[in-house]
Each structure stands twice: as structure tokens, then as C-alpha cells.
1. Looking at (1) open to solvent by 30 Å² or more (accessible area, probe 1.4 Å); (2) under 22 Å from B:Phe498 (Cα atoms), can you tell me which one B:Arg367 breaks?
2. List the residue pairs whose Cβ atoms are under 8 Å apart, where the first residue sits in the stretch B:353-371 and is closer than 13 Å to B:Gly341 by Cα and of a type in the set (S, T, N, Q), the second is assigned to a helix (DSSP H, G or I) and open to solvent by 10 Å² or more (accessible area, probe 1.4 Å), and the two are 6 or more positions apart or on different chains.
3. Check off (1) within 33 Å of the chain's Cα centre (by Cα); (2) open to solvent by 80 Å² or more (accessible area, probe 1.4 Å); (3) more than 18 Å from A:Phe69 (Cβ to Cβ) for A:Ala111 and give me the number that stays unchecked.
4. Applying the selection to the stretch A:138-180, what residues are within 30 Å of A:Leu350 (Cβ to Cβ) and surrounded by 12 or more Cβ atoms within 10 Å (Cβ to Cβ)?
5. Do we find that A:Asn220 is without any contact (Cβ under 8 Å) to a residue 12 or more places away in the chain, crowded, with 22+ Cβ neighbours inside 10 Å and assigned by TED's automatic domain parsing to the domain that holds A:Leu28 in this structure?
6. Being out of contact with any Ser or Thr (no Cβ under 8 Å at 6 or more places or on another chain), crowded, with 22+ Cβ neighbours inside 10 Å and assigned to a loop (DSSP other than H, G, I, E, B) is the filter here; which residues of the stretch B:168-206 pass it?
7. Does the stretch A:213-228 include one or more residues that are closer than 22 Å to A:Leu362 by Cβ and within 14 Å of chain B (Cβ to nearest Cβ)?
8. Take residues that are open to solvent by 70 Å² or more (accessible area, probe 1.4 Å) and on the phi < 0 side of the Ramachandran plot and tell me which of the strands (runs of 3 or more DSSP E) falling wholly in the stretch B:217-323 contain 1 or more.
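The values are calculated or read from the model by the stated rules, or taken from the named source; none is laboratory data. Bear in mind that the values here come from a model prediction, so they are computed numbers and not experimental data. We place every Cβ from the backbone using ideal geometry, glycine too, and count neighbours over all the protein chains shown. SASA here: full protein model, heavy atoms, side chains in, ligands and nucleic acids out. Shrake-Rupley method; radii C 1.70, N 1.55, O 1.52, S 1.80 Å.
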Amino acid sequence: MKLKRILALVEKETLEMWRDPLFLCLALLVPSLFMFLFGYGLTLDVEHLPFWAIDYDQSPTSRDFLANFSYSRYFSLKSRETDERKALEALVKGKIRLILLVPPDFERELAAGRSAPVQALIDGTFPYRAQIVKNYVQAIVGKLNRQKLKDFFRHKGLSEARVEALSEPIRLEVRYIYNEEARSRWSVASALIGVILLMVPPMLTSLAICREKESGAIYNIYVSTISRAEFLLGKALPYFGITALNVLILFLWATLVFGAPFRGSFSCYLFSALLYSFCSLGIGLWISAFVRTQIAALLLSLIVAMIPAFLYSGLLVPVVCLDVSGQVEAHLFPAMYFVSLLHGTFLKGLGWRAQAGNLLALLIYTGLIYLLAYLSFHKRTKR
Amino acid sequence: MERVVVEVKGLGKRFGRQKALEEVSLRVPQGVLFGVVGPDGAGKSTLLKIITGLLDFDQGEVYLFGRRRSSERDFEEAKADLCFMPQGLGANLYQELSVEENLHFFGKLRLLDPQALEQRKEELLVLTGLWPFRRRRVKHLSGGMKQKLAFICSVLHQPRLIVLDEPTTGVDPLSREEFWSLLAGLVWRLGVTALVSTTYLEEAERFEQLALMHQGRILLQGTPSELLSQVKGEIYWVQGEDPLDLGEKILNRGWHLFPYAGGFRVFVPREKVKEARTFWSQEALQSRPIAPSLGDLLLGLSPPEPLAFREKGARAPKTLETVVRTEDLTKEFGSFRAVEGVSLEIKAGEIFGLLGPNGAGKTTLIRMLCGLMAPTRGRALVAGYDSRKTPRELRENIGYLSQAFSLYRDLTVQENIRLMAGIYGLSGREARLRLKELLKLTGLEPFQNLRAEDLPLGLRQRLALACALIHRPRIVFLDEPTSGMDILGREIFWNLVFYLSRAQGLTCLVTTHYLAEAEHCDRLALMHRGRIVAYGRPEDLKRELEREAGRPYLISFEDLHEARERLKAERPVMVFGRRLRLFFPGKAEELEAYLRAKGLKALSWEKGEITMEDIFFWHTVGKDET
């Protein structure tokens, strides 16, 4: 190992990167762009669902009933015009997700002590969303029904304790811990750091090598006395610097822009994020051993990094909820360990000791990737 | 005893099913400027990469610096004494870095100590004239400068073996000359060995020894004169009343021919020389013998393809109509002038050559003539139409064979031609007729159902020509149609162009960076940095040069370096292997007297032929502003 040669490579690479605006943009802006796009785009909370209220009764009771929806944070009222045709049209066009229909005599039926029907028409295009809408509607109607029951008991002259016990024999108390308002944005924003740090760095290193393969400059390396390890390190280090910068930038995005709390050990976050970035750069080095063009490098980096990053990192679905094959795959990629580490340091307030397992996994993983990159890179090619 | 730096025995290399090298054996002695000459795809790069340990091989033995090497590690040990410069102008340079920064990187990569690096950097920058440009980024350098920089970066660590892959392809003659003298200087002074590939056969004389490669094999190796003595025939220039008829008669005898200086250049196999002489006098032809060249070695290998596609009796009427006329045609890209003040006239049925290195402005000029690009200044009349005012009518009268391969690879020969017929709106009957005609003309009939991608380069270019001719244009622009072709492919292509011009009156404008090909044109223009520096018939240009500068002599001296230094102040000196090429207006005795007066003694000398490269060199030297 000759430090001089590594430094020569680092210096040259840094100069080149600095003078190539497109590449610098890829290295510095794209991670933030991803954070912006996915951070806002990947929110799984269903809120402010547009709905249409058709009130044929037009009574105080029916208005009261509908107000429960329009004032909820889950729904937002788009129109209360009593025109079913127009409402259906809006539903078809996707302008609203739900039509609530209150038939005439709603108030009279209730007053007479009879059960009054209400209809909810839900856009079922996406079953997952339709289910959520249905659940919200049911929850609101359920709450109203319990209210009615309580009013009835109170009317009968029962004590407040009795009313509670009769109307809700089992009372469910939910408290979200780590993410008190169960905001998916918090968990997504922190996990996204892991996803982006797996997607961008391999592009940087694989492009940096394949650019030289395309131009022919790689022959300077092949024909020189530089060793394979020196070359790989020399290529990884400049981009490690850029990625380290991104580790901080992305941290600021998650905490300042998306409001995710950071409760754990910052040194633990920094160390693990840097280790993970280094590992990620190594994946790019490894990829470049198999491709010769920049476009192939870009595509392969995207495929290799994107799929595990999104599916098997725990960003969208917790790893334990995957089926067996999914879990096996998740363990094969580094994103899972790091995302769990991110959730731990951001939301759970964990530190070094609790993260030892994940850190060890990342360390082993990094070593393995660099070993593979080293073994696959040759200064004499087959083709 | 002669020391051998590189020795290769029975080398074989395959890429998948394709054989790149077969049974290649080669010996490169120490201190020799050794050439590997051959067309694209002959296996030159593969051979050089294997020797430098950049590419694995399948069979054979490689000895480098006296040791057998087979594993990656074996070659690794030799790399301190090696360099390799890949194909492509400045391909191994870092475009975003400055001249100096590139040198620094190469020096540090080779672990030169900072003082030695600074010293050598300065020396080489001054030697190559790059010193004033040391802070300029590589991407803003001219082609010739890039090539020089790439070269000095490669040899900065003073390797014992310098390996260069096509260093002169596409480089202008002046820079090429500088490069050869730079390289020869290193070989002389330091006693290092250089192994250099080239696709230009006419560069063979630059080497002390060379190997001629063809289709993955080495056909011959030795000194240039040894190789030339192997030519199995004699070369004649002949001229007759009816060139088409004469050409056909010669081809029917199985002799190779090229259009040349108003007649033909004919390769007559040695055993037929008598027959040929009788033939010349029987037909009352003008004829004279001319010197063979390395290309003739390849011509001797196989008979020419019989051009049975010639229609009997078809002759274009003689006219003096001007088909292309340009006045002060100029194209600027920002502050860069790609084409500057070009005024040309091309007559109907003429084969007009546009010659120049990469970046001289040939393609830009053609694009303006085709109406694909608007000139910044000046105007162009093509087939009577102004390219700016009536681009549509213009396009109906021109055909264009572009430099990049523009056919559909997945379509067959027939389908490609039919597609073009459709694009130009030929009716069904007309299209069928034209298809048959063009297949016959280009000799592609047996291949009509093959896909374009499966055709070898020569046939592919013939197909491209057929496609360019589909709508019976009056003028056809051929942009580097023979680039990368071997000599046999070129022969067919040029004869085809010749036939089209003489039998059908088609005007052909051909660009090429193979200067030797200029001799196949009726008239030509030499382009350099956007300007036309010479213009006329090739034979006239040669005569003009002879009048002005004399004839070239190849002279060897005891101390070449010294001789060059003394001579170059008075007249341009070119470096040819271990000899100097000097133009001298006078007889041989006068030359000797001249040399004596300079205090030099020639060991031996030989008269040379004026080449197109000489003409280009003379017209560009001194006209270069940097």
C-alpha cells in the first residue's frame, strides 16, 4: 500500500468531480431531491379525504351528523349539493373519495326511536385506501352511536359511572410510544436516510469507474503499478467525503423539514451512517467490475440498490411482517440493519449499547462488500 | 547479441465465438521503433493489450523483458517499465484537468519524486511546445495537442517499453510529424523500445521494423524494405481512351486496380508482367511503372472481386456544368470557426475529395452543403439550389452517406433499401425496379436477405451507398465512407464510385482522413482548421510541390539527432524510423554537396516518392497559429 498513490487518485478524482457540474449535482443535490420527493410522497397517513355530503333531510340532526365528518381531520367536505348525479360524477373523476347520503326523515326516524340508515359510497379503486376510509367512517358512526346510547342511559337517570360501564364495558386505551401521534412522516423521514444512502453512493463510484472505462483513461490504472486495493480506496475516498456531507444534510432534512425527533446518541448515528455510506460506496465499486458503460452502471446500481432499499429495509413494511423469503432477502441487504438503527436513534432514543448488534452486522457487511469488490476487480481483463 | 524486449509465440485470443488473434508470433528487439500495421479489426489493439498485460489471452506464450509471463501477477511486475496509450485522441487524459494537473497525476501515480517530476514536466512541456498551455484544461486543447500531451503523460516515468495504440489516427499531418520525431527522438536517445500500431499503411516507412496484420494474423514482419520486396507483382499506371472499358478488361484478367491520377493504378502479378506489357502496347495505352507500397502486399493475397455489375455501354455525357459552388462559406459555433471562407467549384460527374484530419471541418462543410446546417456566412449552390432557400428541392437532388452508421441493423439488405424507397416516396413498381438495379450495382444480390448487422464493414458501406442512391440523386456526399476498411474493401468501394461517376455522371464528394486515398479523386481540397489550404488535381499538387521544394530523399546518418538539428533550420525534416526525409531541389550529387557543406555525412540515401502527406505537410507548416 502506497499512500502517495491513493492520495494522487483522491486529488485527481476530487478535482474532476469539482469541475463537472453535472456530477457534482448528482452527488450533492440528488440525495436532497430524493428526500424531498419521497418524504412528501411516501406519507402513509390518510387525512383530509375529500367527500360529498348529500343531505335529503336538511334537519338540525342531519347537519349535526355530517358536521362530525367535516370537522374531523380525516375528512374534508367538498360539496353539500343534493345532486346524486353530480356527486357520482365527482367520485368517478376521483375528485372525491366518499359520498355520504342522509335520506329524508333521518331526524324523524331517530326521534321516533327507530334505527335510521345512512349510506356511504366509497371509491374502491385502491382497496387499501377504501378500507381505511371505511374504517374512519365506521369509527365516527360508532362514536356517535355510543353517544346516543350514553344519552339514553343518562336520560334514564343512571349515574355517569354506570353510563360509562354500560355503554363501553371494555374501554380501549391506546398510546403510541416512540411516535406519539403515529405520524408516518417521522418514521419515513428517518428511514429514508437509509434508503437514499444506499441508492446514491453506488452510482457515484460505479459511474466514476465506468466513465474511465468508456474514455480509455482506465488504461492508465491498468498499466500502472498501482495495486488493486489502492485503486479501490482511491476511488472510494473522494466520494466518501461527499457522502459524509450528505449524512449531515439528510439529518437536517429529517429533523428540521419533516420534524422527526432525534432522541438517541448522535455519535452513534454519525458513526453508523458513515460506515453504512462507506459500505454503499463499496457496492458501487463491486458493480463496476461487471459493467463497462456508464449507463449500465447507473441502471445496475439503481436495480441493486433501489429494490432492497424500498422493499426490504423496513421503510414501507416492517421486516418482521414480510414472508420468509422476504425476510431472508432483507437480511442479505444492509438497508435493514441501518433502517432499524435509524429508527432506534431517531425515535426510540437508543444509543451505542443497544445498537451493537446492528453495528456489528454493518461492519461485517462492509468488510464482505470490499472483499468482493477487491476479488472482482482485475487490472487485466477478459474482454 | 540482439536483445529482445517482447517475444510472442503462437498467441491466440477469442472473444466469444470470434477469433481476434490466431497463431501470432512476434519479436521486438530492444531499441527499435516497431510498427504493427493493419486495418480496423485486424487484431492490433488486442495484441498490444495482451503484451502489456491488460488483456487475458487463450493460447501461446508471451515473453516480456526476457521473462515468460502468464498470470496477472507476472505482468504486474513488468508494469513499472511499461506504458500503454489507448486508441482515441487523448482518450487516457482527464478532460476536466489542466495540462499540468494531468502530468502531476501521472507522475504521482508512478511515484516520481516531486523534484524529478517538476524537472521532467518542464522539459517535456517545452519540448512539445505545450508550455504556454500548461494551465489550459484538456477539453479545450486541439486534437494534436491532446495527442502530444497523452504521449508525454504516458512516457513521463521513462518506461523501457512504450506501447501506443493508433496514436496518429485522425491527427493532422503537422502534429503527426511532430509526434513521430518526438517518439523517434526518445527511441534514439534513451535506447527504449516502442511498439506502435497504425491503420495507415503509408506510415509503414516510419518504422524500423514492422508487422503487417490482417484478420487476426501477422502476414509478414521485417524492415519496410524487406516487406516491400515481398510484393508479388509490379505496379503500373495506365491510361486509356475509355476508362470503363479498360477497367473492365484489367479486372477480367484478375488484376487489382484503383482509379489513380487520371488513369488506373494496376497491380500486375509478377508472372503476368510480360502479358501486361504486351497488353499496354496492344491497346495503345499510356503507361509507366510506379513504386509499390505496403498495401500491395495485401492485394497480392487474393484476386479482386469481379465487378460483374458493370452495365455495358453506359457512359455519362461529357459536360462542364458546375454542380456545387460555394462562396465564402463560413460556419461559426460561438467563437469557434469550424469552417472559414470556403469557396469551391465541383463539376458534374467529378470525384471530388475533401481531405483533412479530425476536426478540420469536413463534416460541417458537408452538412452545410446538404442543407442540414445553415451557414453563418456565405452561400452554397448545390445542383442549382441554394441550400438556404430551397432545402427541399435540394434534398431531392442529393444523397448523403453519413459518417455514423445510419442503417437499420435489424433490417435485411433488401428491407433497408425498400425502406429508403418508401421514405423518398418511390412508387411500388419504381421501387422494385430500383431495388434490383441497386443490388446489382453494388454486388449485394447474394446478401440481400442478410441483416445489415451481419454484414462485414465493406458490404455494409456498399449498402449505405445503395440507400443514398435510391432516389437517383445528381450528387452524392460520402462522409468518410472507407474509414476502417481494409484495402480490398476500399478497392471495391472506390471502383464503384468511379463507375458511378463515369457511367452515370454522378458527382461524388468524398471525405477521408486517409491521405493516400486522395489519389483516387479527380480533384481535391485539403482542409486544415476550417480552411482550404490546397486545391486541385492530385498530380498537379505533386508537381507543384516538386517545383517548389524538390524531391524527397530518405537519408540515414551516424548521428540522426545532430543531423536533424542542423537541417531543420533551413528546410522541413521529417523523421522516418532511423532515417530523415528531406526535400531537396536538385540532383543527388548536389544533395551530397549540400550535406557536406553542413558538416554532415550521409551513410546512405534513397530517393522517395512525393505523397499526399508531404503535400499536406507543406501546406500546413507555418500556417498554424496556436
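1. The number of the failed condition is (2).
2. Note: no pairs meet the criteria.
3. Unmet condition: (1).
4. Answer for the stretch A:138-180, where residues must be within 30 Å of A:Leu350 (Cβ to Cβ) and surrounded by 12 or more Cβ atoms within 10 Å (Cβ to Cβ): A:Tyr178, A:Asn179.
5. Taking the combined requirement at face value, the residue satisfies it.
6. B:Val171, B:Val192
7. No, the stretch A:213-228 contains no residue that is closer than 22 Å to A:Leu362 by Cβ and within 14 Å of chain B (Cβ to nearest Cβ).
8. Details: elements: B:217-222, B:233-239, B:256-260, B:263-269, B:286-290.
Of the strands (runs of 3 or more DSSP E) lying wholly inside the stretch B:217-323, those with at least 1 residues that are open to solvent by 70 Å² or more (accessible area, probe 1.4 Å) and on the phi < 0 side of the Ramachandran plot span B:217-222, B:286-290.
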